[in-house]
Amino acid sequence: MASDRERLEGWIEEERPQLIEFLQGFVRARSPNPPGDTREAATFIGDYLRRHDLSHRVIAPQETMPNIVASFECGSPGRHLVLNGHIDCFPVGEGHGWTQDPWGGAIVEGKLYGRGAADMKTGTTASIMTYRLLHRIKERLKGRLTLTAVSDEETFGPWGARYLMEHHPEVHGDCLLNGEPGSPYSIRFGEKGPLWLEFTLRTPGAHGAYTHYSKSATKLAFELARDLEAVTEIEPEVSDNIRAALDQGRATMEKAMGTGAADTVSAVTLNIGTIRGGLKVNMVPGECVFEADIRLPVGVEKRQVLEIVARVLERHPEARMREMQFSPPSWCDPNGEMVEILQANVTALKGFTPVPIVSLGGTDARLWRYRNIPAYVYGPFPRGMGSTDEHVEVEEFLHILRVHVLSAYDYLTRA
């Protein structure tokens, strides 16, 4: 007689065409953010859950950004596992540079193309299918399983996961599993924190020939941006287990996020994302505004950055600063139980063992870590994420799905 694990693996193989078809349909359900209207994609998910007799709630504090929440009790008491994925994705614009329809979900040479295919409709599909398949054997599981398919992740989640965490404590759980893109060779246990600052420089301005009348706001902005590089000299302070995990994961971080990623993960970085100044080429600009994206690694606090920024601003009296957005860096135990479960399943399925790492980009998983709930990310490569021809390899999608299903099963069958 087949075990439940064998049944789960068998169902995935039997339903392979339907699983791929679901992901294609999900990609075709447009949900770019901005503008952030995810109703078409949320309806697609809700209809699918209804067809499989899976009750769920729609929680929509913002009408155009609904969240899907479903939960079931298992056959005996135990722990609460939460599955989380987001519905929204990056915008496409005019679609220039794409060789495939960004909303087509086409499969070409084993690759499924479309905006959101990697970030993160593959991972969200893994969560949905994990929830559906485990529901079939819920009487033989322990504890509780919750599905959260949220909107608004691309803009830090005020109407999505952040809203749920603040207003619906029933989604907190004891552990979170998320399928954001990263690499099948890595398990993300932490991530850097973005601090977005806006700087405005004002001067009287003048005719372009009368540079002796006024300083140039744009020139002053360049000087200020250069001086802000001082924040990148901050050294993080981390515990021994985090440092060991960072050292062990260097090669994997380079493989998942590109050459240089291992050093960048542990450094404060500064990026001047936008700059606007001047009205006409022959005028001395009287105003210049630029936005800085400062990323804090694990072991660096916002206070340390703002202290340096304040000292820099003392040398730039024409400048004013406004904080736009902040999410602290987050992390949990790199050797936690879910890490061990994920590693065991990947090793059994693929023959390699994924390594715990800290990521450069942010995810909703941080919101659970802020509440001391261990939250881990295992997802596909970010091929074309935020760029053109975003895609996921079909076999990689199915691998991510298998790992999520089996890992959730393992978690909910342990004492």
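Given the options D293, D240, D227, which has the most mean-square fluctuation in a GNM of the chain, springs set between C-alpha atoms less than 10 angstrom apart? Largest GNM mean-square fluctuation: D240.
If you put +1 on each Lys and Arg Cβ and -1 on each Asp and Glu Cβ, how big is the dipole of the chain around its Cα centre, in Debye rounded to 20? Write down the numbers at each step before the final one.
On the way: 45 positive and 56 negative charges, 88 e Å.
The dipole of the chain has a size of about 420 debye.
For the residues V150, V403, V394, a GNM of the chain with alpha-carbon springs under 10 Å puts the largest fluctuation on V394. Here the 3J(HN,Hα) profile of the stretch 29-35, calculated from phi with Karplus coefficients 6.51, -1.76 and 1.60 at θ = phi - 60°, is 7, 5, 8, x, 9, x, x Hz, Gly and Pro shown as x. Taken about its Cα centre, the stretch 1-153 carries a charge dipole of roughly 540 debye when the Cβ of each Lys and Arg holds +1 and the Cβ of each Asp and Glu holds -1.
Taking only Cα atoms, what is the 0 to 90° angle, nearest 10, from helix 217-227's long axis to the longest principal axis of the chain? The helix 217-227 is inclined about 60 degrees to the chain. Please identify every one of the chymotrypsin sites (Phe, Trp or Tyr not before Pro) in the stretch 332-415 that sits in a loop by DSSP and has no more than 15 other beta carbons within 10 Å of its own beta carbon. Counting only loop positions with at most 15 other Cβ atoms within 10 Å, the chymotrypsin sites (Phe, Trp or Tyr not before Pro) in the stretch 332-415 are F352, Y370.
The stretch 244-290 to the stretch 335-351: how many Å between their Cα centroids? A separation of 33 Å, based on Cα centres. Between 0 and 90 degrees, the angle of helix 16-28 with respect to the longest Cα principal axis of the chain falls at about 30 degrees. When a/c reaches 1.5 or more, the comparison of a/b and b/c decides; with that in mind, is the stretch 274-333 rounded, prolate or oblate per its Cα gyration tensor? The shape class here is prolate.
Residue-wise HN-Hα couplings along the stretch 332-344, as the Karplus relation 6.51 cos²θ - 1.76 cosθ + 1.60 with θ = phi - 60° gives them from phi, are 9, 5, x, 10, x, 4, 5, 4, 4, 5, 4, 4, 5 Hz; Gly and Pro carry x.
Which of rounded, prolate, oblate describes the stretch 278-393, given a ≥ b ≥ c as roots of the alpha-carbon gyration tensor eigenvalues and a/c under 1.5 marking rounded, otherwise prolate only if a/b is larger than b/c? Let's see the in-between values first.
Values: a/c = 4.05, a/b = 1.90, b/c = 2.13.
Because a/c hits 1.5 or more and a/b fails to exceed b/c, the stretch 278-393 counts as oblate.
Direction-averaged projected area, Cα convex hull, the chain: 22.1 nm², rounded to one decimal. If R0 is 45 Å, the Cβ-Cβ spacing of D333 and R226 corresponds to a FRET efficiency of close to 0.70. By DSSP, the beta bridges lying fully in the chain are antiparallel in about 70 percent of cases. Annotation for the stretch 273-312: trypsin sites (Lys or Arg not before Pro) lying in DSSP loop with at most 14 further Cβ atoms inside 10 Å of their Cβ are K280. For the pair E314 and L279, how long in nm is the line joining their label points, each one 7 Å along Cα→Cβ? So the two model labels end up 3.6 nm from each other.
For D152, what charge total do you get from the other residues with a beta carbon under 10 Å from its beta carbon, if Lys and Arg give +1 and Asp and Glu give -1? Kindly include the intermediate steps, with their values, before the conclusion.
Values: positive: R162; negative: D88, E153, E154, D364.
For residues surrounding D152, the net value is -3.
What is the total of Lys pairs in the chain with C-alpha atoms under 28 Å apart, excluding same-chain pairs fewer than 8 positions apart? Lysine pairs meeting the criterion: 16.
The Cβ shell under 9 Å around G190 holds other residues with a net charge of +3, Lys and Arg each +1, Asp and Glu each -1.
Rounded to the nearest 500, what is the 222 nm mean residue ellipticity of the chain from helices alone, with -39500 (n - 2.57) per DSSP H run of 4+ residues and division by all residues?
Details: 13 runs with 140 residues, N = 415.
Calculated mean residue ellipticity at 222 nm is -10000 deg cm²/dmol.
With a ≥ b ≥ c the root eigenvalues of the C-alpha gyration tensor of the stretch 119-183, is it rounded (a/c under 1.5), prolate (a/b larger than b/c) or oblate?
On the way: a/c = 2.44, a/b = 1.35, b/c = 1.82.
Cα axes put the stretch 119-183 in the oblate bin.
T264 to H207: extension gain in nm, 0.36 nm per residue of separation minus the Cα-Cα distance? Working shown, then result.
Details: separation 57, 0.36 × 57 = 20.52 nm, distance 4.29 nm.
Extending this stretch completely gives an extra 16.2 nm.
For the stretch 372-415 and the stretch 70-135, write down the distance between their C-alpha centroids in whole Å. Here the answer is 9 Å between Cα centres.
Distance between the 7 Å Cα→Cβ label points at K302 and A348: 4.3 nm. At each listed q (0.17, 0.21 Å⁻¹), what is the log10 of I(q)/I(0) that the Debye formula gives for the stretch 171-277 modelled as equal alpha-carbon point scatterers? Ignoring solvent entirely, the Cα scatterers give -0.95, -1.20. Element breakdown for the stretch 49-178 at a 1.4 angstrom probe: carbon and sulfur atoms account for 47% of the accessible area.
Relative to the longest principal Cα axis of the chain, at what angle does helix 302-313 sit, 0 to 90 degrees, rounded to 10? Here the helix axis deviates by roughly 20 degrees.
Taking Lys and Arg as +1 and Asp and Glu as -1, the other residues whose beta-carbon sits under 11 Å from that of P204 total 0. The residue among G75, G93, P158 whose Cα reaches farthest toward the positive pole of the charge dipole of the stretch 1-158, with charges on the beta-carbon of Lys, Arg, Asp and Glu, is G75.
Give me the percent relative contact order of the stretch 1-78, please, defined on Cα pairs under 8 angstrom at least 6 residues apart.
Values: 54 pairs, mean separation 15.0, N = 78.
That works out to 19 percent.
Solvent-accessible surface of the chain, averaged per residue with a 1.4 angstrom probe and all protein chains in place: 42 square angstrom.
The values are calculated or read from the model by the stated rules, or taken from the named source; none is laboratory data. Computed from a predicted structure; not experimentally measured. Please note: Cβ atoms are built from the backbone with ideal geometry, for glycine as well, and neighbour counts cover all protein chains shown. Ligands, DNA and RNA are stripped out before the accessible areas are found, and what is left, the full protein with its side chains, is counted by its heavy atoms. Shrake-Rupley method; radii C 1.70, N 1.55, O 1.52, S 1.80 Å.
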